[in-house]
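Working notes, beginning with the structure itself.
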Amino acid sequence: TCFVLTGDHGKSLAFDGEFLGHGINLHESITNVPLNIINAPEFYPTVVNDVISSMDLGSVITSLANNKQLPVFRQYVAAERVGRGHQKVSNNDYWDRAQRAAWKGDIKIVWDSHNNIRRYRINPNIPNKQIFDTELDRIPRWARNEFDFSIDRLASKHSYFEHYNSLK
């Protein structure tokens with residue numbers, strides 16, 4: 001019997017001066033989630049440091065069930081978050097925004113609906129750590145292309161749902 005252990009997200013532990021709590025951002029402490037495969041087939045590698053999206057978990061489990069090689073890992077991985085959820089924070093305007101992130105190797109690009117675009121460096125040997133590199137003028141094409149529609153559209157959908165829920 002093979003077991004697959006993972007999670008849906010991490011927890012913000014105020015690393016790098018960020019938020020402490022369940023998580024209202026796309027910091028590495030939230031997005032870097034372990035995936036452990038216990039009692040995998042013998043031909044599976046012992047350790048894989050490649051990036052995989054939770055969207056690929058189905059194909060990983062299918063490969064395990066059929067005793068086949070792991071699927072090819074992604075060149076880029078993306079994530080998005082809208083709003084602050086149920087968190088109570090002092091700066092609602094800042095936290096209640098749409099955010100996106102894309103990873104490519106040791107580079108992470110994070111942007112939001114307030115037009116902030118930041119590049120971080122990621123060291124796979126130091127979990128849950130991101131090092132701010134620079135502000136950017138525009139989102140790299142490879143990162144932007146991971147999404148089907150603009151962040152402004154994502155933010156406006158969120159505003160609609162927030163307004164609708166406030167009427168209940």
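The values are calculated or read from the model by the stated rules, or taken from the named source; none is laboratory data. Keep in mind that what you see is a predicted model, and the values were worked out from it rather than measured. Positions of Cβ are backbone-derived with ideal geometry, glycine not excepted, and every protein chain shown enters the neighbour counts. When the accessible area is computed, the model is the full protein with side chains, heavy atoms only, and any ligands, DNA or RNA have been set aside. Shrake-Rupley method; radii C 1.70, N 1.55, O 1.52, S 1.80 Å.
General observations
- Cα-projected label distance for residue 133 with residue 49, points at 7 Å along beta-carbon direction, nm: 1.7 nm
- The label-point distance for residue 57 and residue 94, in a model that sets each label 7 Å from Cα toward Cβ, rounds to 3.1 nm.
- With all protein chains in place and ligands, DNA and RNA left out, the 1.4 Å accessible area ranks 27, 9 as 9, 27, largest first.
- In this calculation the C-beta distance from residue 123 to residue 40 is compared with R0 = 22 Å, giving a FRET efficiency of 0.25.
- Probe 1.4 Å, all protein chains present, accessible-area order of 146, 42, 28, largest first: 42, 146, 28
- With every protein chain in place and a 1.4 angstrom probe, the accessible-area ranking of 152, 96, 106, 8, largest first, reads 8, 152, 106, 96.
- In this label model, residue 144 and residue 9 are separated by 2.6 nm, measuring between points 7 Å along each Cα→Cβ vector.
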